[in-house]
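A.B. asks: I have a structure I would like to understand better, so I am pasting it below and will then ask my questions one at a time.
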Amino acid sequence: MSDNPFLIVLVAMVGGALRVSTPFMFVALGECLTEKSGRVNLGLEGTLVLGAMCAYAISFHTGSPWLGVLAAGGAGAWLGAIHGYVCKLPRVNDIAIGIAMMLFGTGVAFFFGKAYIQPSAPRLGSFSLGGWTGSPQIETALEVNALLIVGVATALLMAWAFANTKWGLIVRMSGDSAPAARAMGVSVDLVRFFSTTAGGFLAGIGGAFLSLYYPGSWNQGLSSGQGLMAVALVIFARWDPVRCVLAALLFGAAGAIGPALQSVGITQGYYFFNAAPYILTLIIMTISAGSKRAMRDVPGELSITK
Amino acid sequence: MVDVAESLIVTAIGPPKDRWIDFSVRFRTGAEYVVIPLFALALSGLLFALFLLVLGKSPTQFFELVVRGGFGTAFSIQNTLQRSAPLILTALAVAVPARIGLVMIGGEGALVLGGFASAVIAIPLVMGKASPAVTLIVMASAGIVTGALWVGIAGILRHARGVNETISSLLLTYIGIAVMNFFVEGSLRDLTNPNKPSTMPIGEAYMMGKITGTEVHWGLAVGILLAITLHILLSRTTFGFAVRLSGGNPRAALAQGLPVGKLVVGCCLIAGACAGIAGFFEVAAIQGRANASLAAGYGFTGILVSFLARHNPLAIIPVAILFGGIVASGGLVQRRMDMPDATVLVLQGLTFVVLLTSETLYGRFKIFQVKGAVDRT
Amino acid sequence: MSVAAHSAGRAMSLQTVGMTKVFGPLVALDDVSITVEAGSFHALLGENGAGKSTLVKCVMGFYSADKGEVLLDGKGALIRNPRDARACGIGMVYQHFTLVPSLTGAENLVMSRADAPSVIDWKKERRALDQFLDRMPFRVPLDVQVSALAAGEKQKLEILKLLYLDQRLLILDEPTSVLTPGEADEMLGLLKGMAQRKDITVIMITHKFREVRAFADEVTVLRRGKMVGGGEVADLSTEDMARMMIGDTQIRERAVRAERQPGPVTLELVALYADDDDGLPALEQVNLKVHAGEILGIAGVSGNGQSQLVEVLSGQRPLTDGRIIIKEEPFEPTRNTFHRMKLFGLPEEPLKNATVPRMTVAENLAFRTFDRPPTAKLGWWLSPGPMRAKARELIARYRIKTPSPETEVANLSGGNIQRTVLARELASEVDVLIAANPCFGLDFASVVEIRARIMEQRNRGAAVLLVSEDLDEILEMADRVAVMSGGTINYVAPLGETDRATIGKHMAGH
């Protein structure tokens, strides 16, 4: 069994999917919360990169990777707060602001991160989902980090909160009909500010995963476009947190094809498989954009689909 | 010109008071569109200076080095102009779709693929010893067509399926860079070059020359010419009017029977062509080959340039030169002040955020307002 | 939240003393003092712009009045924001619904409570809601998303929400504009019953005399921000109320209808089908014929496909099936066709549908002519001189009040924006005119003028399709009346052969 290349690739893909999907999951859940409140934050790519850098830097300085994770969340919350505050001003284009924040966040990350490219920082530990199989290869292939569990738990919590808590319903109200929310005394701008900040927090944690677990290092090429893909992912998941997790797994699988093939020696077409997630995202966006079902579930205040 | 005479006669027939009112209305509206971006620029400069102070660096030294490295000597001015050329073009690639209401940011991808296409199509021509003039024309055409098609895809997706063009153009940029890397590292790699993976060089003989008497290549002249042409296109042709109408209110445009979808795709093709030409010049006048250096960020800086110029092609020229100077002085600043080259990225990002935030100031200052009769509510 | 049965005498009385509100140069309210007795059904009457909405918004806490105070049950009340108003027991039903579309009725009701629990126990809440509904004079399904409810049900849900929140003074802002006459009568009747039982007090903003006569006990009339009269409805005639509403200003002659025989069929709609933005069918087999020299008015409650029909005729929405025939030729929504067939439009909400707000008045006036001589030379080169000259001419002819042709059209008042669109569309010979709610929200003088211009075109021989949610407008202007209900035309009759009641019945779908 251990020599069957097909099985190895399959298991490698499953493990890879679990690993690669985790940052997607966090960014998507963060964006899901933000979009449910009626804002689009396209700047999460910058948040991801800044979060990755902060996590690595703080882990390096304090020796604790989990402090790094918290710092990453804080950095993400900071960028989210800027976005949330600026977008409430009249006449500000929230899509353009997202792009600007992406450039700003990436710039700040590269600026301060130059010093951390060489040194090695303590990483997050892992445990294996395949420990019970007794096969060392499967055990290694299915190693994941606790953040995956945190991500799934967050999704379940969000889904429950949207239906059963006052704050969850207030977020949905702000995103679906701002006039109705205001008539009920809700400060829509404040709700969106907090949602965007919290969304940034989650996205920052996704970045921490990248630099402190998989791929597990900090450099300037760490993320290209994952934050952006997560935005498309949320549309595809029709703004449901649980579907976001499933979509993240799908994207994770797409991103894991390349490395999985590499593990059995197929190295050609590396860049082509690099392009696969983007192409998948584009296809998914095209399908969702014309889909009537997606249009029915969209929060009414979202500018991206108006 | 008949038009000038006509308009003089017509406005002369109207009472002089009307002429003054017209002028003052236009002046005040226009002034708002210049004063506020300048204010935003100044404010972001101030914030960046604070940033430097907190880091223990001297803001005056920074700005001094930028002025010196960008505009201080004849050499540095030419370096600046060299860098402005692609910026003008990538900014136009954002400005034209912006006039029809799109936030299209695929300039980086179109530049990369346009440059790549020109480098690739040159290979058989160079090997077949075709004349440099013909080669360059074919290369330019390849760059234009490839760039146009690449951004055109985003336009078609937007028109046919309503896909958000910001996200799709950004995705296409990533895809374009990956496609280029795929070929450059793979089947089209120049195997005689063991260092950086790139396509075969086109060779000194085939490279585009410099504008006579200067050290700046022809890309700058083409860029300026295109900016002027597109400005005239947008402000003085029926096509331009239709574009502005559709960008101002697509529903009204449809009610007037305008083919909004075709106009959207047309603007995207023009935009992609501009970015594609920029890629061609990067290859034909500077690099001589296609490799990862094509993705140097000109596309992204171009976005900021266009927004700062309020998507006006004429205003793009001075703004591009300003940013060309900032980019050109980057190396000097980095060495002298011991700062990472991401410094320019931070400055650009900060400027962009402040600029977009300053949009909220429009309509708030009485001095720019000329209101009509007020309605009761 | 109390689930005790209603006790008599819960209704509240309201008094405003000297309310004044100024917006810059505009005095929206000028020392307005009104008295609303507990348990009464009080109408607030006035034309558009008279100040009714402003007064009510001050009471509701949306605006803070510059001067004046509000007394509830004789005691001064401090209302700084809508939340204070709700805490005092005042609730308002708005013209545009304030229900959240993607939430269910139950979610909307529970969330509207100031004391909504942090974690919602749905079993408990549903039980309480069921008990509440049992006491109400009407029911609405609560587990359906609000977006799936009909307009009449949404209106009822809005009112249920206020009763659920135990509001004792209900303010209705033009509540019947989205209901069929039958639904309106039913709802107002139920509320009047509750008022007579002294459960609630009702203030209804309206500009329709019929509703005032049928339901209100008392009326207050506002004009240009001032309180100009009022009293028991039984003591006032409709003429009295009209005079108070409009004042003694000389009104331009109402549009004069020229006697003429209708000409040949100019516009024909054959079995039109179209979807709305959500992909649901909006037009289902619409058949209609409009003759030259007649106004065909389409009446109907909003939301029955009228907007989609107008969009189809102006090229903003594609047909899924059917044909449009103009002067015996098939119609395509291209610029050339519009020009050749002399088809022009006055869409509703002109700022949203017919103008580019950031373009100048001169440019907006040139939308129909920018690609033709004299503005366009050689078909593609634009000359600003002729454009400006034509603009000046139109500004003078249609009396558009603007500082300059170079002013951005967004800076104009609503009436002048509509005049700009009118000037542009009616400047040349018109064969077919599609007009939708052309006078909505405009002041009286603009309304009269715009109707006169439309009538002018009809007298000249144009075929006019007038879609309006204001039945009075249709009854004044149309030669023939059609009713649109459920996405199709279910009734057509000449004006002389029908009456309000019959039209109302068809508007309700019978």
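Computed from the coordinates by the stated procedures, all read-outs in this text should not be read as laboratory data. Treat the numbers as computed from the prediction; the structure is a model and nothing was measured. Please note: Cβ atoms are built from the backbone with ideal geometry, for glycine as well, and neighbour counts cover all protein chains shown.
A.B. asks: Take B:Leu188, C:Leu466 and order them by how many other Cβ atoms sit within 10 Å, fewest up front. Present the calculation step by step, with values, prior to reporting the outcome.
C.D. replies: Details: B:Leu188 18, C:Leu466 26.
In increasing order of surrounding Cβ atoms, one gets B:Leu188, C:Leu466.
A.B. asks: Something else: May I ask you to list, by number, the DSSP H helices of chain A whose Cα span along the axis is at least 18 Å and whose average Kyte-Doolittle hydropathy reaches 1.6 or more? Can you show the working numbers first?
C.D. replies: Details: long enough: A:5-36 (43 Å, 1.33); A:44-62 (26 Å, 1.14); A:65-87 (33 Å, 1.11); A:94-113 (27 Å, 1.81); A:146-164 (27 Å, 2.01); A:188-212 (36 Å, 1.27); A:241-263 (32 Å, 1.35); A:270-290 (32 Å, 1.28).
In chain A, the long hydrophobic H runs are A:94-113, A:146-164.
A.B. asks: State, as an integer percentage, the relative contact order of the stretch C:342-417 based on alpha-carbon contacts under 8 Å between residues 6 or more apart. Working shown, then result.
C.D. replies: On the way: 75 pairs, mean separation 26.3, N = 76.
Answer for the stretch C:342-417 is 35 percent.
A.B. asks: Per residue of chain B, what 222 nm ellipticity follows from adding -39500 (n - 2.57) for every DSSP H run with n ≥ 4, rounded to the nearest 500?
C.D. replies: Rounded to the nearest 500, it is -24000 deg cm²/dmol.
A.B. asks: Something else about it: For the stretch B:263-377, what is the Kirkwood estimate of the hydrodynamic radius, computed as the reciprocal of the mean inverse distance between distinct Cα atoms, to one decimal in Å?
C.D. replies: Values: mean 1/r = 0.0577 Å⁻¹.
Its Kirkwood hydrodynamic radius stands at 17.3 Å.
A.B. asks: Step through the residues of the stretch C:117-125 one at a time and calculate ³J(HN,Hα) from phi using the Karplus curve (6.51 cos²θ - 1.76 cosθ + 1.60, θ = phi - 60°), rounding each to whole Hz and writing x for Gly and Pro.
C.D. replies: x, 5, 10, 9, 8, 5, 4, 5, 5
A.B. asks: If you fit an axis through the alpha-carbon atoms of helix B:107-127 and take the longest principal axis of the Cα set of chain B, what angle between them do you get, 0 to 90°, nearest 10?
C.D. replies: 40 degrees
A.B. asks: Which residues make up the longest stretch of chain B that has no trypsin sites (Lys or Arg not before Pro) in a DSSP loop with at most 13 other Cβ atoms within 10 Å?
C.D. replies: Working: sites that count: B:Lys129, B:Arg364.
The answer is B:130-363.
A.B. asks: Step through the residues of the stretch C:68-75 one at a time and calculate ³J(HN,Hα) from phi using the Karplus curve (6.51 cos²θ - 1.76 cosθ + 1.60, θ = phi - 60°), rounding each to whole Hz and writing x for Gly and Pro.
C.D. replies: x, 9, 10, 10, 10, 6, x, 10
A.B. asks: D for the stretch C:361-427, whole µm²/s, Stokes-Einstein with Kirkwood Rh over alpha-carbon pairs at 20 °C and 1.002 mPa s: what number?
C.D. replies: Details: Rh = 11.8 Å.
Taking Rh from Cα pairs, D becomes 181 µm²/s.
A.B. asks: Counting only other chains, what is the mean number of Cβ atoms within 10 angstrom of the Cβ of each residue in peptide C:101-111? Write out the running numbers ahead of the final one.
C.D. replies: On the way: counts 5, 11, 6, 0, 0, 0, 4, 4, 0, 2, 9.
Across C:101-111, the average partner-chain Cβ count within 10 Å equals 4.
A.B. asks: Hey, fewest Cβ within 10 Å first, where do A:His83, B:His217, B:His159 land in order? Intermediate values should be presented prior to the final figure.
C.D. replies: Numbers: A:His83 33, B:His217 21, B:His159 17.
So the residues, fewest neighbours to most, are B:His159, B:His217, A:His83.
A.B. asks: Okay, moving on. Within 10 Å of each residue's Cβ, count the other Cβ atoms and sort C:Lys390, C:Lys352 from fewest upward. It would help to have the intermediate numbers written out before the result.
C.D. replies: Numbers: C:Lys390 20, C:Lys352 12.
Going from sparsest to densest Cβ surroundings: C:Lys352, C:Lys390.
A.B. asks: Under the Kirkwood approximation for Rh and a Cα-based Rg, what ratio Rg/Rh is obtained for the stretch A:1-108? Don't jump to the answer; show the numbers that get you there.
C.D. replies: Details: Rg = 17.7 Å, Rh = 15.6 Å.
Checking Rg against Rh, the ratio lands at 1.13.
A.B. asks: Now, a different point. Taking the stretch C:14-246 as the region of interest, what is the percent of Cα-Cα pairs per 5 angstrom bin, listed from the shortest bin to the one with the maximum distance?
C.D. replies: Here the calculated profile for the stretch C:14-246 is 1, 6, 14, 18, 19, 16, 12, 7, 4, 1, 0, 0.
A.B. asks: Over every pair of different alpha-carbon atoms in chain C, take the mean of 1/r and invert it; report that Kirkwood radius in Å.
C.D. replies: 25.0 Å
A.B. asks: Before rounding to the nearest 500, sum -39500 (n - 2.57) across all DSSP H runs of length at least 4 in chain A and divide by the residue total; then give [θ] at 222 nm in deg cm²/dmol.
C.D. replies: On the way: 13 runs with 222 residues, N = 306.
Result for chain A: -24500 deg cm²/dmol, rounded to the nearest 500.
A.B. asks: Classify the stretch C:323-477: rounded, prolate or oblate, from the alpha-carbon gyration tensor (a ≥ b ≥ c, eigenvalue square roots; a/c under 1.5 rounded; otherwise prolate if a/b is larger than b/c)?
C.D. replies: On the way: a/c = 1.91, a/b = 1.12, b/c = 1.70.
It is oblate, given that a/c is not under 1.5 and a/b is not larger than b/c.
A.B. asks: A further question follows. Across peptide C:353-366, what mean number of C-beta atoms from other chains lies inside 10 Å of a residue's C-beta?
C.D. replies: 4
A.B. asks: If every alpha-carbon in the stretch A:76-168 counts as one equal scatterer, what log10 I(q)/I(0) does Debye give at q = 0.15, 0.16, 0.18, 0.21 1/Å?
C.D. replies: Normalising to I(0) and taking log10 leaves -0.99, -1.02, -1.04, -1.05.
A.B. asks: Just name one of C:Val56, B:Leu52, A:Gly30: the one whose Cα is farthest towards the positive end of the charge dipole of the protein assembly as shown (beta-carbon charges, Lys/Arg +1, Asp/Glu -1).
C.D. replies: Farthest towards the positive pole: B:Leu52.
A.B. asks: Hey, in the GNM for chain A with a 10 angstrom Cα cutoff, which one of A:Ile205, A:Ile284, A:Ile58 fluctuates hardest?
C.D. replies: A:Ile284
A.B. asks: Using DSSP, restrict attention to beta bridges with both residues in the protein assembly as shown and report what percent are antiparallel, rounded to the nearest 5.
C.D. replies: On the way: 52 of 88 bridges.
Within the protein assembly as shown, antiparallel bridges account for around 60 percent of the total.
A.B. asks: In whole Hz, what ³J(HN,Hα) sequence does the stretch B:285-299 give by Karplus (6.51, -1.76, 1.60; θ = phi - 60°), x for Gly and Pro?
C.D. replies: 10, 10, 7, x, 7, 9, 7, 4, 5, 4, 8, 9, x, 4, x
A.B. asks: Let me ask something else about it. Amide H of C:Ile203 versus every other amide H placed in the peptide plane: which residues, excluding those fewer than 5 positions away on the same chain, fall under 5 Å?
C.D. replies: Those qualifying (amide H under 5 Å, at least 5 residues apart or on another chain) are C:His42, C:Leu170, C:Ile171, C:Leu172.
A.B. asks: Using the Kirkwood formula over every pair of different C-alpha atoms, what hydrodynamic radius in Å results for chain B? Present the calculation step by step, with values, prior to reporting the outcome.
C.D. replies: Details: mean 1/r = 0.0447 Å⁻¹.
One decimal place: 22.4 Å for the Kirkwood radius.
A.B. asks: Next up: Put +1 on the Cβ of each Lys and Arg and -1 on the Cβ of each Asp and Glu in the protein assembly as shown; which of A:Leu190, A:Gly168, B:Tyr362 then has its Cα farthest toward the positive end of the dipole?
C.D. replies: So the residue we want is B:Tyr362.
A.B. asks: Also, quick follow-up: Once you list every other residue whose beta carbon is under 14 Å from the beta carbon of A:Val144, what net charge do they have if Lys and Arg are +1 and Asp and Glu are -1?
C.D. replies: Numbers: positive: A:Arg19, A:Arg123; negative: A:Glu139, A:Glu143.
Neighbourhood net charge equals 0.
A.B. asks: While we're on this one: Per q in 0.05 1/Å, what log10 I(q)/I(0) does a Debye calculation on the alpha-carbon atoms of the protein assembly as shown return?
C.D. replies: Ignoring solvent entirely, the Cα scatterers give -0.40.
A.B. asks: Here's a follow-up. Roughly what % antiparallel, to the nearest 5, for the DSSP beta bridges in the stretch C:14-246? Walk me through the intermediate numbers first.
C.D. replies: On the way: 22 of 40 bridges.
In the stretch C:14-246, approximately 55 percent of DSSP beta bridges are antiparallel ones.
A.B. asks: Also: Once you treat every alpha carbon in the stretch A:5-305 as an equal point and sum by Debye, what is log10 I(q)/I(0) at q = 0.10, 0.14, 0.15 Å⁻¹?
C.D. replies: These q points yield log10 I(q)/I(0) values of -0.52, -1.01, -1.14.
A.B. asks: Dividing the alpha-carbon Rg of the stretch A:101-140 by 2.2 N^0.38 Å yields what? Intermediate results must be reported in sequence, preceding the final value.
C.D. replies: Working: Rg = 18.1 Å, N = 40, 2.2 N^0.38 = 8.9 Å.
With N residues counted in the stretch A:101-140, Rg over 2.2 N^0.38 Å equals 2.02.
A.B. asks: Continuing with the same structure: Cβ neighbours within 10 Å, averaged per peptide: list A:107-114, C:29-36, C:391-398, C:323-330 in order, most packed at the top.
C.D. replies: A:107-114, C:29-36, C:391-398, C:323-330
A.B. asks: Past the 26 Å Cα-Cα mark, which pairs from C:Lys156/C:Lys198; C:Lys57/C:Lys156; A:Lys166/C:Lys154; C:Lys52/C:Lys198; C:Lys208/C:Lys289; A:Lys88/C:Lys352? Don't jump to the answer; show the numbers that get you there.
C.D. replies: Working: C:Lys156/C:Lys198 20 Å; C:Lys57/C:Lys156 22 Å; A:Lys166/C:Lys154 22 Å; C:Lys52/C:Lys198 24 Å; C:Lys208/C:Lys289 30 Å; A:Lys88/C:Lys352 22 Å.
Long pairs (Cα-Cα over 26 Å): C:Lys208/C:Lys289.
A.B. asks: Name the GluC sites (Glu not before Pro) in the stretch C:410-508 that are in a loop by DSSP and that have at most 13 other C-beta atoms within 10 Å, would you? Intermediate results must be reported in sequence, preceding the final value.
C.D. replies: Numbers: sites: C:Glu425, C:Glu429, C:Glu449, C:Glu456, C:Glu469, C:Glu473, C:Glu476, C:Glu497; in loops: C:Glu429, C:Glu469.
Those that pass, being in a loop and sparsely packed, are C:Glu429.
A.B. asks: Hey, what D do you get for the stretch C:437-510 in µm²/s if you plug the Kirkwood alpha-carbon radius into Stokes-Einstein at 37 °C and 0.692 mPa s?
C.D. replies: Details: Rh = 13.3 Å.
Calculated translational D: 247 µm²/s.
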